[in-house]
1. Rounding to the nearest 20 debye, state how big the charge dipole of segment 236-349 is about its Cα centre with +1 on each Lys and Arg Cβ and -1 on each Asp and Glu Cβ.
2. Does segment 97-248 come out rounded, prolate or oblate, given a ≥ b ≥ c as the square roots of the eigenvalues of its C-alpha gyration tensor, rounded meaning a/c under 1.5 and, failing that, prolate meaning a/b above b/c?
3. Taking all protein chains as present, what is the carbon and sulfur share of the accessible area of the chain, in % to the nearest whole number, probe 1.4 Å?
4. How big is the accessible area of K7 in square angstrom, nearest 10, if you roll a 1.4 angstrom probe over the protein chains?
5. For the chain, modelled as a Gaussian network with Cα springs under 10 Å, which listed residue fluctuates most, G29, G39, G250?
6. Residues in segment 1-36, backbone N under 14 Å from the label point at C53 (7 Å along the Cα-to-beta-carbon vector): list them, ranges by number please.
7. Please work out the FRET efficiency for the pair N163 and R66, using the Cβ-Cβ distance as r and a Förster radius of 35 Å; give the result to the nearest 0.05.
8. If one computes P(r) from the Cα atoms of the chain, what percent of pairs lie at distances over 25 Å?
Amino acid sequence: MVDIRIKNLTKRYGDIAAVDDISIDVEEGELFFLLGPSGCGKTTILRSIAGFCTPDGGEIYFGERRIDALPPHERNTGMVFQNYALWPHLSVRENLQYGLDVRKIPKKEKRERVDAALAMVRMSDQAGKRPNQLSGGQQQRVALARALVINPDVVLLDEPLSNLDAKLRGEMRGEIHRIHEQTKITTIYVTHDQKEALSLADRIAVMNAGHIERIGRPRDIYDNPTNRFVAEFIGETNLIPGKIKAIHEGLIRIETAIGDLVSTRPCTRKEGEPVTCSVRHEAVQIASQVSGPNVFHARVTSHTYLGEVEQFEFDVLGRTLRGISVGHHPEVERGGEVRIAIAQEDVVVLDDA
Ligand code: ATP
């Protein structure tokens, strides 16, 4: 097992900085996610680590070993590509053997390692098939086994589940979690799917336009998004502009167009400053109380039943707020008047205005 250190990595394509002076430390054994919208530079980082792309600047280390100038085959990375990239003319077993042949592994050991890797991804009974005789999920398992069979120092996963349907994606998420727990190989996983990242990651780097907006554990990032990009990209949120009226004994009072909001969350901003508050949809709840801090009079403009939850849209003094509730509210009708409440610890004052 190794840790991965990326120092000041930069890659330009003409005028575009695909990756702009990025530094990341991935710990030994970590399942680390690069999460961000299409084109933000995730794959470029992964390809730079694998050696398929030459950075314009920066350094990459596996443990103490600097690897960014080494050819790909000397880096000992196992990569899973979005389209699996299996050899179509080779059987599943031969696909796995290929990397071991290149490494001149003796026959007996080769057989044992291929068997072990196939067992790990639960594909032992499919070893003789060709990729076009397998389902998407099975191809994905073979791609994963092929990455693992070489005993890599580092596993790199590039949108590994994006070609699968929703049910299979859920299943394979579980599989990747299980396999990572078993192997504990340091892994970098690229995705634009926040659910994949939140459900699997030890830590996530949220990326935007070639740089990192935030690195943290899934719950920290979700609960405390710190800036507007992260708040909007991860989860569903209401962004409410306002101005800080007062900060007193850990209570922050923010003047906004829907009325005063009170927050008990730590805040880097000062009295008098214009700010944006982030309030998650699930933090906006239909209230039984009539008044109190963060209780507002609202009109229901939309109400959608979604099975396990109900979705609401409220008009509060001409502003739209969205809410999600797990409770059933048969009394709430479109056009009806209600009170809504937001817990004080659910109001996050963002670092950027
Ligand atoms: P996606 O999720 O769509 O795969 P990404 O976050 O992985 O996106 P990259 O593929 O790393 O993003 O691309 C980052 C930027 O670099 C994009 O603007 C892309 O158009 C550009 N880019 C990537 N590869 C090349 C290339 N070979 N030539 C020119 N521009 C490129």
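1. 400
2. Details: a/c = 3.33, a/b = 2.46, b/c = 1.35.
Prolate, since a/c reaches 1.5 and a/b exceeds b/c.
3. 48
4. Around 80 Å² of this residue is reachable by solvent.
5. Among G29, G39, G250, the largest GNM mean-square fluctuation belongs to G250.
6. Once the point is set 7 Å along Cα→Cβ of C53, 9-22, 34-36 turn out to lie under 14 Å by backbone N, inside segment 1-36.
7. Details: r = 34 Å, r/R0 = 0.98.
That pair, N163 with R66, gives E of 0.55.
8. The proportion of pairs with Cα distances above 25 Å equals 61 percent.
The values are calculated or read from the model by the stated rules, or taken from the named source; none is laboratory data. Owing to the predicted nature of the structure, the values given are computational and were not obtained by experimental measurement. Positions of Cβ are backbone-derived with ideal geometry, glycine not excepted, and every protein chain shown enters the neighbour counts. When the accessible area is computed, the model is the full protein with side chains, heavy atoms only, and any ligands, DNA or RNA have been set aside. Shrake-Rupley method; radii C 1.70, N 1.55, O 1.52, S 1.80 Å.
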